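Asks: There's a structure below that I have some questions on.
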Amino acid sequence: MSQSTRRMFTLHINGVEQKPTAAGGALLVDVLHEELGLTGTKLSCGIGSCGACKVIVQKEPGGPKMAMLACYARMDSIEALHITTVEGLKGPDGELHPLQREFLDGHAFQCGYSTPGMLMAADVLMDQLARRPVPVAKLDNRIRQAISGNLCRCTGYVKYAQAIRKVILATPGLTCMEEPAPEAARSVVTFRIRKQSSNDLEEKALVGFFDQVDATVRFATPFRLDTCIGKVTVKTDALRTGEPVRDFNLRRFFFQQVDSIDFTLDSAEVIDGRYQLDAVPFGTAIPVNIQGRLGVLGIKLPAFADAVVTVLDANNLRITSRAPVMVDMRDCGFAVDSFAKDFFLKLGRAVEVTFDLLLETKEQAGPALWRTGSKPSR
């Protein structure tokens, strides 16, 4: 991200297309203030800790809302996104958003400096609840989580939380009486990378997972692990970290043109030869050593995994790692150092990878081919 080269950017801000001219590394909060005259977004700490500068980001109108720190967002990372600032919360006729009205009526704020960020965090929460309601009994906890990244030196947060709760309860469809049915368990590949940002006093970890996993395992001789081959493919657009803006930046700047990552299973060796899948009761976990190749952008690297294989029942198989697989990202061709520099991070050299694969077969007699499914884990 160049700090000096200026060019025209296309943004959609509060429903209006804007074409500000700025350096690629310019901060969104500065462009909002200096180029577009939108000063409602407050610059306070400047290091991404207080939440006063939060805006709402969507990849397309009507899409899931994400909270983004405008003091961290650089122009190169947000082009073509749809951005809502606090000025854009009001309705088409200028009427206040219900959150804005309740913040006023309930005297939720004092100095008002943290208020724009609180409003944006609360609006993102309402969008999330519209997509998946929360039981009333758990609402207070969700509100605390939603505003936990917003600091306020005046109010003690109580009236903010009360106002947000009142608006949510008055909005149909955001709460429910019972917990929604849990989503079916699915195959996941999880990663963990050591990292430290410019405002972290100690090292932390970037943790996430891929929840779109396509895996197949074929046994030449049914249930004989020493005759199996397979392949696992993860799609980078299914990356999740629990923070949608971070997901967006990782996909766009770290993976760049990488659409998928493959692991080809060459062999699986049972650690204790006394146990085989065809000779143990359902639910017995059998430790195995797995050997294969990791494929990214045409690069093939040897990879080894320590795992357990469990036949859950006649049609469901589970393969779970017992210890992380260590992969050097630079050997895979990723621009780790460039990404870390652009986002003011220190990243560890290795990524720890674990996996939990749920596979099923529809073959009734002598099942040979298993594919990823969505059966509940046991």
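The values are calculated or read from the model by the stated rules, or taken from the named source; none is laboratory data. Quantities reported herein were computed from a predicted structural model and do not represent experimental measurements. No Cβ is skipped: glycine too gets one built from the backbone with ideal geometry, and neighbour counts run over all protein chains shown. When the accessible area is computed, the model is the full protein with side chains, heavy atoms only, and any ligands, DNA or RNA have been set aside. Shrake-Rupley method; radii C 1.70, N 1.55, O 1.52, S 1.80 Å.
Asks: Which condition does residue 335 not pass, out of (1) in contact with a helix residue (DSSP H, G or I) (Cβ under 9 Å, 6 or more places away or on another chain); (2) aliphatic (A, V, I, L, M); (3) open to solvent by less than 30 Å² (accessible area, probe 1.4 Å); (4) within 30 Å of residue 26 (Cβ to Cβ), if it passes all the others?
Replies: Exception for residue 335: condition (3).
Asks: Here's something else I'd like to know. Which of the numbered conditions does residue 245 fail, given that it passes all the others? Conditions: (1) part of a helix (DSSP H, G or I); (2) in contact with an Asp or Glu (Cβ under 9 Å, 6 or more places away or on another chain).
Replies: Here residue 245 meets the rest and fails (2).
Asks: Residues 225, 239, 250: which one is under 26 Å from residue 290 (Cα atoms), touching a residue at least 40 places away in the same chain (Cβ under 8 Å), of a type in the set (A, V, I, L, M) and open to solvent by less than 20 Å² (accessible area, probe 1.4 Å)? Steps first, answer last, please.
Replies: Working: 239 fails: touching a residue at least 40 places away in the same chain (Cβ under 8 Å); 250 fails: under 26 Å from residue 290 (Cα atoms).
Of 225, 239, 250, the one residue that is under 26 Å from residue 290 (Cα atoms), touching a residue at least 40 places away in the same chain (Cβ under 8 Å), of a type in the set (A, V, I, L, M) and open to solvent by less than 20 Å² (accessible area, probe 1.4 Å) is 225.
Asks: Under 19 Å from residue 216 (Cα atoms) and either part of a loop (DSSP other than H, G, I, E, B) or among the charged types (D, E, K, R) (or both): which single residue out of 266, 272 fits that description?
Replies: On the way: 272 fails: under 19 Å from residue 216 (Cα atoms).
Sole residue among the options that is under 19 Å from residue 216 (Cα atoms) and either part of a loop (DSSP other than H, G, I, E, B) or among the charged types (D, E, K, R) (or both): 266.
Asks: Checking residue 209 against (1) assigned to a strand (DSSP E or B); (2) under 16 Å from the mean Cα position of the chain (by Cα); (3) of a type outside the set (Ser, Thr, Tyr); (4) loosely packed, with under 15 Cβ neighbours inside 10 Å: exactly one of these is not met. Which one?
Replies: (4) is the only condition that residue 209 fails.
Asks: Something else: Can you pull out the residues in region 1-29 that are surrounded by fewer than 16 Cβ atoms within 10 Å (Cβ to Cβ) and not in a loop (DSSP other than H, G, I, E, B)? It would help to see each step written out before you state the result.
Replies: The initial filter retains those residues of region 1-29 that are surrounded by fewer than 16 Cβ atoms within 10 Å (Cβ to Cβ), namely 2-8, 10, 15-17, 19, 21, 25.
Listed by number, the residues that qualify are 6, 7, 8, 16, 17, 21.
Asks: For region 37-75, give me each residue that is open to solvent by 40 Å² or more (accessible area, probe 1.4 Å), among the aliphatic types (A, V, I, L, M) and either in the same structural domain as residue 122 (by the TED database) or in a loop (DSSP other than H, G, I, E, B) (or both).
Replies: Once the filter is applied, which keeps residues that are open to solvent by 40 Å² or more (accessible area, probe 1.4 Å), among the aliphatic types (A, V, I, L, M) and either in the same structural domain as residue 122 (by the TED database) or in a loop (DSSP other than H, G, I, E, B) (or both), region 37-75 yields 43, 47.
Asks: Can you pull out every residue in region 212-222 that is touching a strand residue (DSSP E or B) at 6+ places or on another chain (Cβ under 7 Å) and open to solvent by less than 80 Å² (accessible area, probe 1.4 Å)? Explain how you work it out, then say what you get.
Replies: In the first step, residues of region 212-222 are kept if they are touching a strand residue (DSSP E or B) at 6+ places or on another chain (Cβ under 7 Å); the result is 212-219.
Once the filter is applied, which keeps residues that are touching a strand residue (DSSP E or B) at 6+ places or on another chain (Cβ under 7 Å) and open to solvent by less than 80 Å² (accessible area, probe 1.4 Å), region 212-222 yields 213, 215, 216, 217, 219.
Asks: Among 287, 324, 281, which is the only one that is open to solvent by 50 Å² or more (accessible area, probe 1.4 Å), over 27 Å from residue 254 (Cα atoms) and not charged (D, E, K, R)? Quick ask: steps written out before the conclusion?
Replies: On the way: 287 fails: open to solvent by 50 Å² or more (accessible area, probe 1.4 Å); 324 fails: over 27 Å from residue 254 (Cα atoms).
Selected residue: 281, the only one of 287, 324, 281 that is open to solvent by 50 Å² or more (accessible area, probe 1.4 Å), over 27 Å from residue 254 (Cα atoms) and not charged (D, E, K, R).
Asks: Then there is this: Taking region 180-206, which residues are assigned to a strand (DSSP E or B) and free of Cβ contacts under 8 Å to residues at least 60 places away in the same chain? If you could, list the steps in order and put the result at the bottom.
Replies: Within region 180-206, the subset assigned to a strand (DSSP E or B) is 188-197, 204-206.
Those that are assigned to a strand (DSSP E or B) and free of Cβ contacts under 8 Å to residues at least 60 places away in the same chain: 204, 205.
Asks: If you go through region 148-161 one residue at a time, how many are out of contact with any Lys or Arg (no Cβ under 9 Å at 6 or more places or on another chain), modelled with pLDDT under 95 and open to solvent by less than 70 Å² (accessible area, probe 1.4 Å)?
Replies: Count: 4.
Asks: Let me ask something additional. Considering only region 123-141, how many residues are within 12 Å of residue 169 (Cβ to Cβ) and either hydroxyl-bearing (Ser, Thr, Tyr) or open to solvent by 70 Å² or more (accessible area, probe 1.4 Å) (or both)?
Replies: 0
Asks: Do you know which residues across region 79-113 are open to solvent by less than 20 Å² (accessible area, probe 1.4 Å), in a loop (DSSP other than H, G, I, E, B) and at pLDDT 95 or above?
Replies: Within region 79-113, just 85 meets the criteria.
Asks: Another question, then. Of everything in region 191-206 that's hydrophobic (A, V, I, L, M, F, W, C) and surrounded by fewer than 16 Cβ atoms within 10 Å (Cβ to Cβ), which residue is farthest from residue 340 (Cα to Cα)?
Replies: The extreme case among them is 201.
Asks: May I ask you to verify whether residue 174 is surrounded by 19 or more Cβ atoms within 10 Å (Cβ to Cβ), under 24 Å from residue 57 (Cα atoms) and under 21 Å from the mean Cα position of the chain (by Cα)? It would help to see each step written out before you state the result.
Replies: On the way: surrounded by 19 or more Cβ atoms within 10 Å (Cβ to Cβ): yes; under 24 Å from residue 57 (Cα atoms): yes; under 21 Å from the mean Cα position of the chain (by Cα): no.
Against the criterion (surrounded by 19 or more Cβ atoms within 10 Å (Cβ to Cβ), under 24 Å from residue 57 (Cα atoms) and under 21 Å from the mean Cα position of the chain (by Cα)), residue 174 does not qualify.
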